[in-house]
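Worksheet for the structure shown next.
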Amino acid sequence: VNRLDRAKRIDLLVEAAVAEPSLKVVIAGDGPDRQRLEELARKADGRVEFAGRVSEEELASLYARCRGVYYAPIDEDYGMVPYEAFLSEKPVVTTVDAGGPLEIVHDGTTGLVVSPESQEVRNACLRLLGDEAEAKRLGQAGRTIAEKVTWDHCIDRLLG
């Protein structure tokens with residue numbers, strides 16, 4: 001789930017899917033890098049689907065049906081995708097240089113944090129695919145974090 005822009009590094013996920021026949025990837029979003037990403041994805045024999053912009057209902061359905069969510073921008077300040085994934089009890093795969101996402105995506109606790117290389121992204125995806133119980137545990141731990149992101153909790157922390 002992302003704007004299709006080079007800084008979001010969706011190509012790492014596409015390359016991981018190209019290298020691993022057991023991975024199926026759905027990319028929700030649109031942007032200037034879509035054509036290049038679709039070219040890369042042709043080597044994945046139909047295992048990479050570009051859903052484009054989706055409705056809130058379809059996005060919720062995609063989150064519900066996936067094993068994990070990839071979100072690995074280059075040094076991003078903040079992002080809603082990890083919170084959305086966590087509220088759907090899904091772990092997040094990100095990279096060591098993602099920036100803001102690392103405040104809540106903790107390796108082995110709420111997701112998997114890897115180096116920004118397609119092989120490492122592939123390995124993280126395979127780990128989640130191969131261990132449903134771990135993916136569920138990581139996603140549930142993420143939900144505990146995301147549930148605390150409310151205005152009431154923010155006000156309580158500021159005043160407390």
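Brief remarks on what is shown
- Computed label-point distance, nm, for sites Lys43 and Met80 using a 7 Å Cα→Cβ extension: 3.4 nm
- Gyration tensor verdict on region 99-142 (Cα atoms; rounded if a/c is under 1.5, prolate if a/b is larger than b/c, oblate otherwise): oblate
- Distance from the alpha carbon centroid of region 1-77 to that of region 103-133 works out to 15 angstrom.
- Figure legend: label point modelled 7 angstrom from the Cα of Gln35 along Cα→Cβ; residues of region 4-24 with amide N under 18 Å from it are 4-7, 11.
- Relative to the Cα centre, the charge distribution of the chain, modelled as +1 at Lys and Arg Cβ and -1 at Asp and Glu Cβ, gives a dipole magnitude of about 340 debye.
- Fraction of accessible area attributable to carbon and sulfur, region 49-151 (%, probe 1.4 Å): 49 percent
- Difference of contour (0.36 nm per residue) and Cα-Cα distance, Thr109 to Ala51: 18.0 nm
- Under 5 Å, built H, 5+ apart or other chain: amide partners of Val26: Glu49
- Surface per residue (accessible, 1.4 Å probe) for region 1-119, Å²: 49 Å²
- As a rough guide to protection, the peptides 61-74, 90-103 ranked by mean Cβ packing within 10 Å, highest first, stand as 90-103, 61-74.
- The alpha carbons of the chain occupy a box of 54, 33, 30 Å along the principal axes, longest dimension given first.
- Cα shape, region 41-84, gyration tensor, a/c 1.5 rule: oblate
The values are calculated or read from the model by the stated rules, or taken from the named source; none is laboratory data. Since we're looking at a predicted model, the values are computed, not measured. Here the Cβ is made from the backbone with ideal geometry for all residues, glycine too, and neighbour counts use every protein chain on show. Side chains are part of the model used for accessible areas, which takes the heavy atoms of the whole protein and leaves out ligands, DNA and RNA. Shrake-Rupley method; radii C 1.70, N 1.55, O 1.52, S 1.80 Å.
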